[in-house]
Structure formats: structure tokens, C-alpha cells
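Scroll down for the structure; my scribbles are underneath it.
Taken together, the values in this text are just the output of simple stated rules run on the coordinates, not laboratory data. Since the structure is predicted, the reported quantities are computational estimates derived from the model, not experimental observations.
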Amino acid sequence: MIRKSFTSSLYLDRWLIILRAITGIIIVKYGLEVFSRSTWRGIRHG
């Protein structure tokens, strides 16, 4: 029982780390896209 719960907690920790990494990558990509679009607009208008 103890070993089972320990392994499940390890898997949960691993999934949390993976989810955090994925969300971080998505946020960075989205932010860069928006930033590049806004800068391109500014360059075109400027």
C-alpha cells in the first residue's frame, strides 16, 4: 500500500512538472507571437 501510494505520488509530481513546462512554453510562444506582431505593426506604421 505504502509503495503504491509513493509511486502514484511520483507520477503525479512528474505530470505536474510536464504540465508546468508545457504551459510555460505555450505562454512564451504566445507572448512572443503577440510581441512580434505588435512590433511589426509599429515598424510598418512608423
Q | Helix 2-45 axis, angle to the chain major axis (alpha carbon atoms, nearest 10°) | A | 0 degrees
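Please report, to one decimal in angstroms, the Kirkwood hydrodynamic radius of the chain built from all distinct Cα-Cα pairs.
13.4 Å
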